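Student: Mind having a look at this structure? Questions to follow.
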Amino acid sequence: MLAFLIAAFYFFYFAIIAVYIIFMPKVLSLVGYTPSEIGIIFAAAPLVRFVVPFAFIKGLQLNRSIFNAALILMVLSALAFFPALHSFWALLIANIGIGIGLSLILPYIEVIALLVIGKERYGKIRLFGSIGFIAVALLLVKVLSSPEVAIGFLAAMTLLTAIFGYTIVRLENDEISPHHEEAPKAAFNPLKRWSLWLGLILMQVSFGPFYNFFTIYETDRGISMETTIYLWSFGVIVEILLFYFQGPLLRRNLLGLLQFAVLGTVFRWLLVYLYADNLMILYFSQSLHALSFALFHTAAISYLFSLYTERKLAQQFFFGLSYGLGGFFGAVSSGYIYEIWPNELFLSAAVVALLAFVALWHAAVKVKSEK
């Protein structure tokens with residue numbers, strides 16, 4: 001029962017992400033926001049993702065009450081997009097609110113999923129998030145007639161996510177038992193493994209141009225909006241396949257998998273930079289999303305889950321530092337780069353991904369020296 005509810009939660013949670021990253025930047029562009037304004041607005045959510053976990057280092061606990069409060073905040077913030085659409089500051093505040101909500105609920109559910117399902121079966125449940133992402137993308141592109149339609153989808157997906165999230169935490173104690181626990185190796189201290197965390201952060205900085213500007217970037221280069229959505233969807237389809245079959249891979253060296261995924265990402269961004277209007281190559285580059293997101297994400301959360309004693313805190317910091325701080329810098333920098341050097345946007349992403357590989361290579365060397 002709990003596995004089904006977690007699958008449904010992932011479906012609607014990542015449907016939110018689909019609306020948020022595929023359609024909302026284009027909606028704001030059509031409304032009249034500049035690329036730098038769009039970058040700042042969409043940097044708000046990852047910035048609060050970065051800030052929020054530090055409150056929990058000081059003693060605040062990510063418990064059921066905090067989780068439920070985050071669900072309410074997320075729904076109210078999504079609804080606030082309606083009156084805030086034409087006001088930069090109001091929209092910025094709404095994005096901050098939804099960022100706080102999103103930053104708290106996913107780490108909580110991820111720990112439950114890993115405890116109940118295990119890392120080898122995790123992908124078969126997590127793939128429902130990818131299905132939700134692609135389903136909403138393909139539906140919304142057909143019915144998107146005004147900004148309000150996109151915001152309506154955003155509000156509906158947040159409400160359904162909140163319903164399933166609330167139900168999961170009501171039932172979690174019935175299915176999580178001590179035999180699910182593994183033996184973590186260390187107390188949480190990111191500074192002791194700074195190169196690991198730097199690699200995780202830089203990987204998400206490299207995704208800033210993709211998450212915030214891929215739709216705008218491709219449509220500005222003559223690719224239709226519908227074809228661009230198909231490109232997004234193809235990437236998610238390949239991601240789903242890897243989520244389903246990746247179980248045996250996760251028995252291997254997780255740090256090695258992270259490095260492999262990052263190298264694939266460097267190659268991916270170079271392809272988009274060099275062949276921005278070549279559909280065949282763009283589809284191939286999107287197939288690498290299986291590595292740069294699916295494999296990287298699962299290997300990262302599994303490695304942190306097995307490494308640290310404070311698992312929820314480690315997952316919070318993973319989302320806070322990588323998707324939060326990394327996403328913030330990625331969003332802001334990509335906005336300014338696209339205004340000043342639009343053709344070099346994905347070249348900059350490739351350079352940052354290469355730096356992420358160097359950091360993870362250093363982390364792997366340090367682990368070997370400790371043995």
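Student: Report ³J(HN,Hα) in whole Hz for each residue of segment 353-364, in order, from the Karplus equation J = 6.51 cos²θ - 1.76 cosθ + 1.60 where θ = phi - 60°; Gly and Pro get x.
Tutor: Those phi angles translate into 4, 5, 5, 4, 4, 4, 5, 5, 4, 4, 4, 5 Hz.
Student: Please list the non-local residues whose amide H lies under 5 Å from the amide H of TYR308, H modeled 1.01 Å from N, same-chain partners needing a gap of 5 or more.
Tutor: For TYR308, the qualifying residues are LYS185, ALA186.
Student: SER36 to LYS368: FRET efficiency via 1/(1 + (r/R0)^6), r the Cβ-Cβ distance, R0 56 Å, to the nearest 0.05?
Tutor: 0.85
Student: Quick one: what does P(r) look like for the chain with 10 Å bins over all Cα pairs, in whole %?
Tutor: 5, 25, 37, 25, 7, 0
Student: Using the Karplus curve 6.51 cos²θ - 1.76 cosθ + 1.60 with θ = phi - 60°, what ³J(HN,Hα) values do you get for each residue of segment 152-164, in whole Hz, with x for Gly and Pro?
Tutor: x, 4, 4, 5, 5, 5, 5, 5, 5, 4, 4, 4, 6
Student: Another question, if that's okay. What is the Cα centroid distance between segment 70-113 and segment 246-286, reported in whole angstrom?
Tutor: Their Cα centres are 30 Å away from one another.
Student: Counting helices only, and only those DSSP H runs with n ≥ 4, report the 222 nm mean residue ellipticity of the chain as the sum of -39,500 (n - 2.57) divided by its residues, in deg cm²/dmol to the nearest 500. Each step should come with its number before you reach the end.
Tutor: Details: 16 runs with 288 residues, N = 371.
Calculated mean residue ellipticity at 222 nm is -26500 deg cm²/dmol.
Student: With +1 on each Lys and Arg Cβ and -1 on each Asp and Glu Cβ, and nothing else charged, work out how big the dipole of the chain is about its Cα centre, in Debye to the nearest 20.
Tutor: Around 1000 debye, computed over the chain.
Student: Could you order peptides 144-150, 253-259 by the average number of other Cβ atoms within 10 Å of their residues, highest first?
Tutor: Those peptides, ordered most packed to least, come out 253-259, 144-150.
Student: Related question: How high is the relative contact order of the chain, given as a whole-number percent (alpha carbon pairs under 8 Å, six or more residues apart)?
Tutor: Across the chain, relative contact order equals 31 percent.
Student: If the chain between THR219 and ASN189 were fully stretched, how many nm would it gain, using 0.36 nm times the residue separation less the Cα-Cα distance?
Tutor: 6.5 nm
Student: Can you list the HN-Hα couplings for segment 274-283, worked out from phi with the Karplus curve (6.51, -1.76, 1.60; θ = phi - 60°), rounded to whole Hz and with x for Gly and Pro?
Tutor: Going residue by residue, I get 7, 10, 5, 10, 9, 4, 4, 6, 5, 5 Hz, with x marking Gly and Pro.
Since every read-out is calculated from the coordinates, none of them should be taken as a lab result. No experiment lies behind these values; they were computed from the predicted model shown. Please note: Cβ atoms are built from the backbone with ideal geometry, for glycine as well, and neighbour counts cover all protein chains shown.
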